[in-house]
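A quick write-up on the structure given underneath.
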Amino acid sequence: DPANSSTDCPDGGILTAEPGTGVITYSNGSVPAGGACSISVDVLGLAAGTHENITSDLTYITSSGAADSAPPAEATLTVNTPGTIGLTKSFEDDPVPPGGEVTLAFTLTNYDRNETATDIEFTDNLNNVLPDLSIAAPLPTEPCGPGSALNEVSSTLVLSGGNLAPGASCSFSVLLGVSLKSPPGIYNNTTSSVLATLAGSQIETAAATDSLFVAPVPLFTKSFSESLVAPGTSLTLDFSITNSSPTHSAWDIEFADPIGAIFPGITPPDTLPASPCGNGSALQFTPGDSFEPAQIILTGGNLPAGATCDFAINLTIPDATPTGTCINITGPITAVIDETLVIGPPAADELGIVAAPTLQKSFQTQNVQPGELVNLQFTLTHAL
């Protein structure tokens, strides 16, 4: 058996992985119906780069004795060059509308397993991404080790004094504001190369690149008419959708709200608003089943540039709804703006479910004489 190889498959099977051959073979294994098992083998990455690994087809014999097969499995291994500093970056929450905010995240990794990297530095010119892209929150302090600093110099992010132990990483992010004047589009952002000192020598490694997607997205909110309700009572769920584009109409606006996830057994409203978000738009309520909760679904919404639609749905809270605090979150909202499919963030609101008030009464003395005074006590309870 190869070193550090293992399997938890029933009956073990035969696992072969001879060092130096680059081939792993597993045979005569068995898995019960509905079960799963795993095989683990240590491998050694010798060549730097990205390596795609694909198995052969999975062949097996069913419980009825028939031979069958399944598609291969595949995975990718990235082998990094020792003595380098890796830099990655990403705009984490785009697309972002003009006037919105986006998070730019960086990660630096010291791929050397023996030496500490010091004096790590790189720059990122924000004006080269998009004019008027600005920093919208205080920059992190010492983002990459003690003594490191991240500053803004003429709209350029400058990291200096970074230090990383062998094999260590640091991650930090910057909140950026997108100007209302920014036109929709995809904007590429590439940093400078990374400079560092490693084993007494200065090294220079590759820059990092990502793209910022600026697109008007529907602005979507929802709110319950009450903050606390009791099972069996009614309340209103209000929705508001705004087309944030100042120049283009939004079409095919859609969202789904899994309302049954917090209200199991909820029944359809008596009526739903007609054409709630432009001509041709429609609301429907789909009952839940054992696979999916009941949902409120909007389709076919359309709004002129800058316009808003508001609509409300009356709901009755099922009697069996558990007490406590719950959060109702829709799925993402989608629309077509300027012939581009855009996806906006979900809408959410919080609701407290309280037990219905209870009233109890008791005579403090059970046996009295005619004309004798007795204390009658009432207890009113209403707890979350």
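The values are calculated or read from the model by the stated rules, or taken from the named source; none is laboratory data. Since the structure is predicted, the reported quantities are computational estimates derived from the model, not experimental observations. Backbone-built Cβ (ideal geometry, glycine too); neighbour counts: all protein chains shown. Heads up: the accessible areas ignore ligands, DNA and RNA and are worked out on the full protein's heavy atoms, side chains in. Shrake-Rupley method; radii C 1.70, N 1.55, O 1.52, S 1.80 Å.
The 1.4 Å probe gives accessible areas that order Ile297, Ile253, Ile343, largest first, as Ile343, Ile297, Ile253.
These residues, Val23, Val96, go from largest to smallest accessible area, 1.4 Å probe, as Val23, Val96. Would you mind calculating the relative contact order of the stretch 269-345 from Cα pairs under 8 angstrom and at least 6 residues apart, reporting the percent as a whole number? With pairs under 8 Å counted, the relative contact order is 23 percent. With the highest mean first, a sort of the peptides 118-125, 335-342 on other beta-carbon atoms found within 10 angstrom per residue produces 118-125, 335-342. Peptides 187-198, 138-149 ranked from most to least packed, by the mean per-residue count of other Cβ atoms within 10 Å: 187-198, 138-149. Rounded to the nearest 20 debye, the dipole magnitude of the stretch 161-258 is 300 debye, with +1 charges on Lys and Arg beta carbons, -1 on Asp and Glu beta carbons, and the Cα centre as origin. Overall form of the stretch 174-224: prolate. Here a/c, set by the Cα gyration tensor axes a ≥ b ≥ c, is 1.5 or more, and a/b is the larger of a/b and b/c. Each residue, Ser134 and Val41, gets one label point 7 Å from its Cα in the Cβ direction; the gap between the two is 5.8 nm.
Comparing Tyr111, Ile186, Leu198 along the charge dipole axis of the stretch 46-200, the residue lying farthest to the positive side is Leu198, per the Cβ-charge model.
Here Rg and Dmax of the Cα atoms in Å was computed from the coordinates, and among (i) 30.7, 105; (ii) 18.5, 53; (iii) 20.7, 67 the match is (i).
Between Ala347 and Thr330, the built amide H atoms are under 5 Å apart, and every one of these is 5 or more places off in sequence or on another chain.
With K and R counted +1 and D and E -1, the other residues having a Cβ less than 11 Å from that of Trp251 yield a net charge of -4. Gly301 sits among other residues whose Cβ lies under 14 Å from its own Cβ, and their net charge, with Lys and Arg +1 and Asp and Glu -1, is -4. Sorted on the mean count of surrounding Cβ atoms within 10 Å across their residues, most packed first, peptides 68-75, 127-134 read 127-134, 68-75. Our summary gives the stretch 82-127 a relative contact order of 41 percent, counting only alpha carbon pairs under 8 angstrom and 6 or more residues apart. Across the chain, Cα pairs under 8 Å and at least six residues apart give a relative contact order of 12 percent.
Positive end of the dipole of the stretch 226-322 (Cβ unit charges, origin at the Cα centre): among Gly232, Pro304, Pro268, the Cα lying farthest that way belongs to Pro304.
Under the convention that each Lys and Arg Cβ holds +1 and each Asp and Glu Cβ holds -1, the size of the dipole of the chain around its Cα centre is about 720 debye.
Placing unit charges on each Cβ (+1 for Lys and Arg, -1 for Asp and Glu) gives the chain a dipole about its Cα centre, and among Leu164, Ala215, Thr365 the Cα reaching farthest toward its positive end belongs to Thr365. Please label the shape of the stretch 141-275 as rounded, prolate or oblate, based on the square roots a ≥ b ≥ c of the eigenvalues of the alpha-carbon gyration tensor (a/c under 1.5 means rounded; beyond that, a/b larger than b/c means prolate, else oblate). Prolate shape, in that a/c is at least 1.5 and a/b is the bigger ratio.
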